[in-house]
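The values are calculated or read from the model by the stated rules, or taken from the named source; none is laboratory data. In this text, all values refer to a predicted model and were calculated from it rather than measured experimentally. All Cβ positions, even for glycine, are placed from backbone atoms using ideal geometry, and neighbour counts span all protein chains on display. Surface accessibility is based on the protein's heavy atoms, side chains included, excluding ligands, DNA and RNA. Shrake-Rupley method; radii C 1.70, N 1.55, O 1.52, S 1.80 Å.
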Amino acid sequence: MKHLPFNTVLDAFSGSGCVSYMFKGKGKAVISNDFLKYSYHMVNALVANNDQILSESDLALLLEPNIERKNFIQATFKGLYFSDEDNLFLDNTMANIQRLILPFKQSLALSALNRACIKRRPRGVFTYVGNRYDDGRRDLKLSLQEQFLEAVQVLNASVFDNGQNNLALNQDVFSLDVKADLVYLDPPYYTPHSDNDYLRRYHFVEGLSCNWQEVEILHHTKTKKLRKYYTPFDSRTQVYGAFERLFQKFSDSIIVTSYSSNSLPKREELKSMLRAVKKTVEVHEVDHQYSFGTHSHKVGNQNNAVQEYLFVVY
């Protein structure tokens, strides 16, 4: 992409925020968007935010006992993911985050709390309850408060000013009303080999990020997951039309799209859609292994061996 001049970048499905953060590091003006609130707070903390960190006084406020705290997490998730002590810490910290005045600091605190929860869970996901995958590693021995304090240090050290006015958004991609020289698209991959439901894996931290507002907990499920957010990218009947709409929506920009060989639409189908909106379509490929393991279902499993595609269109 070095031969393509651009200053502004839209990362339309930002996820973890790593691509947005990379472009920020290259001095670009970044607009970062994701429909998950969990992802939004991470990019608001590290991409949109240029100079605010959590101070010692902020930390003192976040850790002090709050007599007005609720017991929502203690009551709702008792015995599922964390100890009673950790659940109390979560309820107390969530109450104190609301006392932070500046939105960037709230996003930093929420992102640190989310990071702490993920690192404290064996395998880092919330698709099961209990601790049956606890292998004794250090992350699983630390309390949530200890994990939180380490996460604050990591995130504080990651804040920097790139001299641009960067923006974080939490919208459906088709409702975006922004312009950028380059649009990076990494939508959920529709594949018959696995699901693309990130909410199923990270529903607990998504709930934290929303402060459990405007989300529906499915109390009848063992994991108390959230009702799935609608997206056309997880439907075999809708995904083709969704890509066509997506490429048309951003047809005035350079389009860079990441996708995988085990997903639909296939390589040539995406290429044809892109040629309908732009003259030049470059396709770069790299071999990729999604996961490694010694279990019998992992060894020799070709579903994990794919080609990752990067379509550069201008």
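Residues that are farther than 13 Å from V159 by Cα and among the hydrophobic types (A, V, I, L, M, F, W, C) within the stretch 93-108 comprise M94, A95, I97, L100, I101, L102, listed in sequence order. Kindly indicate the residue of the stretch 4-45 that is of a type in the set (S, T, Y) and assigned to a loop (DSSP other than H, G, I, E, B) and also modelled with the lowest pLDDT among those meeting that condition. Checking each candidate, the answer is S16.
What about S260, is it small (G, A, S) and over 21 Å from F72 (Cα atoms)? When the stated conditions are applied, S260 passes them. Filtering the stretch 120-162 to residues that are among the charged types (D, E, K, R) and open to solvent by 60 Å² or more (accessible area, probe 1.4 Å) leaves R123, R132, D134, D135, R137, R138, K141, E146, E150, D161.
Mind listing whichever residues of the stretch 65-79 are assigned to a loop (DSSP other than H, G, I, E, B) and surrounded by 12 or more Cβ atoms within 10 Å (Cβ to Cβ)? Let's see the steps before the verdict.
Going residue by residue through the stretch 65-79, those that are assigned to a loop (DSSP other than H, G, I, E, B) are 65-71, 77-79.
Scanning the stretch 65-79 gives N66, R69, K70, N71, F77, K78.
Evaluated against (1) among the acidic types (D, E); (2) crowded, with 17+ Cβ neighbours inside 10 Å; (3) out of contact with any helix residue (DSSP H, G or I) (no Cβ under 8 Å at 6 or more places or on another chain), D51 falls short on exactly one condition, (2). Pull up the stretch 170-183, narrow it to residues that are touching a residue at least 12 places away in the same chain (Cβ under 8 Å) and open to solvent by 30 Å² or more (accessible area, probe 1.4 Å), then point me to the one that is farthest from Y40 (Cα to Cα). Across the stretch 170-183, the extreme among qualifying residues is D181. In the stretch 100-115, the count of residues that are in contact (Cβ under 8 Å) with a residue 60 or more places away in the chain, farther than 19 Å from S39 by Cβ and surrounded by fewer than 20 Cβ atoms within 10 Å (Cβ to Cβ) is zero. Highlighted here are the helices (runs of 4 or more DSSP H) found entirely within the stretch 125-210 that include at least 2 residues which are of a type in the set (G, A, S): 144-158, 198-209. Annotation: of all residues in the stretch 236-251 being assigned to a loop (DSSP other than H, G, I, E, B) and without any contact (Cβ under 8 Å) to a residue 12 or more places away in the chain, the one that is most open to solvent (accessible area, probe 1.4 Å) is T237. Residue-level analysis places L208 outside the set of residues that are of a type in the set (A, V, I, L, M) and either within 26 Å of P265 (Cα to Cα) or in contact with a Lys or Arg (Cβ under 7 Å, 6 or more places away or on another chain) (or both).
Against the conditions (1) modelled with pLDDT under 95; (2) under 29 Å from Y81 (Cβ atoms), P192 satisfies every one except (2).
Just a yes or no: is a residue in the stretch 80-97 part of a loop (DSSP other than H, G, I, E, B), more than 18 Å from Q213 (Cα to Cα), of a type outside the set (S, T, Y) and without any contact (Cβ under 8 Å) to a residue 60 or more places away in the chain?
Restricting attention to the stretch 80-97, the residues satisfying the condition of being part of a loop (DSSP other than H, G, I, E, B) are 80-83.
Subset that is more than 18 Å from Q213 (Cα to Cα): 80-83.
From the residues that got through so far, the ones that are of a type outside the set (S, T, Y) too are 80, 82.
This time we only want the ones that are without any contact (Cβ under 8 Å) to a residue 60 or more places away in the chain, so: none.
No, that holds for no residue.
So, K278, is that one open to solvent by 20 Å² or more (accessible area, probe 1.4 Å), within 17 Å of D197 (Cα to Cα) and in contact with a helix residue (DSSP H, G or I) (Cβ under 9 Å, 6 or more places away or on another chain) or not?
Details: open to solvent by 20 Å² or more (accessible area, probe 1.4 Å): yes; within 17 Å of D197 (Cα to Cα): no; in contact with a helix residue (DSSP H, G or I) (Cβ under 9 Å, 6 or more places away or on another chain): yes.
So K278 fails the test.
Cβ-Cβ contacts under 7 Å between residues 6 or more apart (or on different chains), taken from a first residue in the stretch 209-235 that is open to solvent by 70 Å² or more (accessible area, probe 1.4 Å) to a second residue that is among the basic types (K, R) and modelled with pLDDT under 95, are listed as K225/R200. Taken over the stretch 99-115, residues that are assigned to a helix (DSSP H, G or I), of a type in the set (K, R) and farther than 17 Å from E146 by Cβ amount to 1.
In the stretch 24-48, which residues are open to solvent by 10 Å² or more (accessible area, probe 1.4 Å) and either among the aromatic types (F, W, Y) or closer than 23 Å to L246 by Cα (or both)? Once the filter is applied, which keeps residues that are open to solvent by 10 Å² or more (accessible area, probe 1.4 Å) and either among the aromatic types (F, W, Y) or closer than 23 Å to L246 by Cα (or both), the stretch 24-48 yields K28, A29, I31, D34, F35, L36, K37, Y38, Y40.
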